[in-house]
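Peer 1: Okay, handing you the structure first.
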Amino acid sequence: MSKKEILVLEELLGSNKKIAAEIRKKLEEKGILTINLLSSPGAGKTTLLEKMAEKLKADYRMAVIEGDIETEKDAERIRAKGIPAWQIITGGACHLEAKMVGKLFPEIPADLDFLFIENIGNLVCPASYDLGENIRCVLLSTPEGDDKPKKYPKAFTTSDCLIITKSDLMPVLPFDLEYACKEALEVNPNLKIFVTSALKETGIDEWVEHLVSALHELRQKNA
Amino acid sequence: MHELSIIASLFEILEEKAKEQKAKKIVSVKLKVGALSGVVPEFLKTSFDIYKKETIASGAELEIEEVPLKVQCQKCGAEITKDDFIFICEKCASRELKTLSGTELLLEKIELEL
């Protein structure tokens with residue numbers, strides 16, 4: 001009997017990263033911009049997607065991958081807007097992984113412009129998993145409080161965009177928008193921040209414009 | 001709480017390495033876990049002890065080295081070890097910081113019995 005020590009130096013999430021990189025490459029080749037939406041439950045991811053569907057429908061093709069622990073409810077809401085949607089039911093798992101997205105790959109139409117992935121409502125675990133997205137976006141709804149960025153730093157440091165949702169509730173909440181933005185930019189100075197209300201339809205156009213320009217950039221890179 | 005699924009990924013690597021080396025057992029496992037890796041070392045240990053039963057690593061010890069978040073200011077060059085996640089240089093207030101370490105989630109080494 002002999003003992004041997006070996007140096008491995010392998011990333012524990014290396015296989016997820018590898019699958020995510022393959023997904024990103026394949027989607028980019030098709031000219032599809034992929035957006036991973038992260039937030040706590042009830043921050044308004046699905047409602048934002050319903051609004052996106054209304055705004056983008058005339059000129060662009062979008063599809064949605066919905067992640068939930070149980071039920072097909074969110075995918076049904078998106079389909080009701082005339083948008084293709086697939087539901088991933090994790091049956092308890094707190095996050096989506098790249099291989100779950102990879103399994104749906106054969107069903108994703110090649111002529112899409114935007115693919116949205118709505119992650120499981122959870123501000124912790126999804127932040128560790130690359131799904132092959134081009135843009136990671138974290139949502140923070142005003143009722144959750146303006147102190148979240150430093151409480152859940154990983155979700156904010158790994159995101160490209162922050163969408164503050166339910167801004168219409170600010171007059172009745174102790175939510176300090178300036179403070180929330182300051183806190184968010186301290187954990188991630190590169191965050192692009194959008195302040196939105198789906199109910200009042202404010203701020204959504206700016207977010208749409210941002211995505212459209214990112215789509216053009218992606219296609220220019222391909223050309 | 002995604003530590004159990006991370007431990008499942010760890011065991012995929014462990015089984016592959018044990019096979020490559022034709023090992024009988026894995027005796028010890030050492031991980032490097034960054035402060036900004038998004039996982040809790042204590043939960044990794046608990047998950048490891050649950051998962052290891054009836055595997056090649058059933059008797060293995062898990063050692064975790066916790067790696068603090070270290071950044072380098074791109075303006076003044078200062079290297080700072082952070083105990084918070086505020087990406088502002090404490091010396092010159094610049095926001096151009098490069099992360100040097102603290103985000104890793106790494107299997108560093110294993111000890112095998114051949």
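The values are calculated or read from the model by the stated rules, or taken from the named source; none is laboratory data. Fair warning: this is a prediction, and the values are worked out from it, not measured in the lab. Virtual Cβ from ideal backbone geometry, glycine too; neighbours counted across all protein chains shown. Just the protein is used for accessible areas: all its heavy atoms, side chains included, with ligands, DNA and RNA removed. Shrake-Rupley method; radii C 1.70, N 1.55, O 1.52, S 1.80 Å.
Peer 1: Set the Förster distance to 22 Å, then compute FRET efficiency between B:Lys91 and B:Lys70 from the Cβ-Cβ distance, nearest 0.05.
Peer 2: Efficiency, rounded to the nearest 0.05: 0.95.
Peer 1: Next question. Need one number: buried accessible surface between chains A and B, 1.4 Å probe, both sides summed, DNA, RNA and ligands left out, in Å² to 100. Before the final figure, lay out the partial values.
Peer 2: On the way: alone 11290 and 7340 Å², together 15740 Å².
For chain A against chain B, roughly 2900 Å² becomes buried.
Peer 1: Based solely on C-alpha atoms, express the radius of gyration and the Dmax of the range A:81-137 in angstrom.
Peer 2: 11.9, 33
Peer 1: If you take the Cα Rg of the range A:75-190 and divide it by 2.2 N^0.38 Å, with N the number of residues, what do you get? Write out the running numbers ahead of the final one.
Peer 2: Working: Rg = 16.0 Å, N = 116, 2.2 N^0.38 = 13.4 Å.
This ratio for the range A:75-190 stands at 1.19.
Peer 1: Roughly what angle does helix B:3-20 make with the longest principal axis of chain B, taking Cα atoms, 0 to 90 degrees, to the nearest 10?
Peer 2: Computed tilt is about 60 degrees.
Peer 1: What percent do you get for the relative contact order of the range A:15-204 when only Cα pairs under 8 Å and 6+ apart count?
Peer 2: 26 percent.
Peer 1: Any of A:Lys151/B:Lys91; A:Lys57/A:Lys150; A:Lys221/B:Lys82; A:Lys148/B:Lys98 with alpha carbons more than 31 Å apart? Name them for me.
Peer 2: Result: A:Lys57/A:Lys150; A:Lys221/B:Lys82 exceed 31 Å.
Peer 1: Give, ordered by residue number, each residue of the range B:62-106 whose 1.4 Å probe accessible area is reduced by a minimum of 40 Å² on adding the remaining protein chains to the chain alone.
Peer 2: Relative to the lone chain, where solvent access is computed with a 1.4 Å probe, the range B:62-106 loses at least 40 Å² at B:Phe85, B:Ile86, B:Phe87, B:Arg95, B:Leu105, B:Leu106.
Peer 1: Follow-up question, since we're still on this one. Which residues of the range A:7-27 end up with at least 50 Å² less accessible area in the presence of all protein chains than when their chain stands alone, using a 1.4 Å probe?
Peer 2: A:Val8, A:Leu9, A:Glu10, A:Leu12
Peer 1: Note down the net charge around A:Thr90, summing +1 for each Lys or Arg and -1 for each Asp or Glu among other residues with Cβ under 10 Å from its Cβ. Don't skip to the end; give the middle numbers.
Peer 2: On the way: positive: none; negative: A:Asp68, A:Glu70, A:Glu97.
Around A:Thr90, the charge tally is -3.
Peer 1: May I pose another question? Before I look further, what does the range A:113-166 give for accessible area per residue, probe 1.4 Å, in whole square angstrom?
Peer 2: With the other protein chains kept in place, the range A:113-166 gives 21 Å² per residue.
Peer 1: Just to confirm the number: angle between the C-alpha axis of helix B:41-51 and the first principal axis of chain B, 0 to 90 degrees, nearest 10?
Peer 2: For B:41-51 against chain B, the angle is about 20 degrees.
Peer 1: Roughly how many nanometres apart are two label points built 7 Å out from the Cα toward the Cβ at A:Lys4 and A:Ala80?
Peer 2: 6.1 nm
Peer 1: For a quick check of understanding: with a 1.4 angstrom probe and all protein chains in place, what accessible area in square angstrom does A:Asp68 have, to the nearest ten?
Peer 2: We get 40 Å² for A:Asp68.
Peer 1: Given a 1.4 Å probe and the protein chains all in place, what does the accessible area of B:Thr81 round to, in Å² to the nearest 10?
Peer 2: Solvent-accessible area, nearest 10 Å²: 80 Å².
Peer 1: Using a 1.4 Å probe and ignoring any ligands, DNA or RNA, find the accessible area of A:Leu115 and quote it in Å² to the nearest 10.
Peer 2: Near enough 0 Å² of accessible area.
Peer 1: If you count only protein heavy atoms with a 1.4 Å probe, what accessible area per residue comes out for chain B, rounded to a whole Å²?
Peer 2: Averaged over the residues of chain B, the accessible area is 52 Å².
Peer 1: Using heavy-atom solvent-accessible surface (probe 1.4 Å) with all chains present, what is the largest-first order of B:Glu111, A:Glu201?
Peer 2: On the way: B:Glu111 50, A:Glu201 85 Å².
Listed by decreasing accessible area, they come as A:Glu201, B:Glu111.
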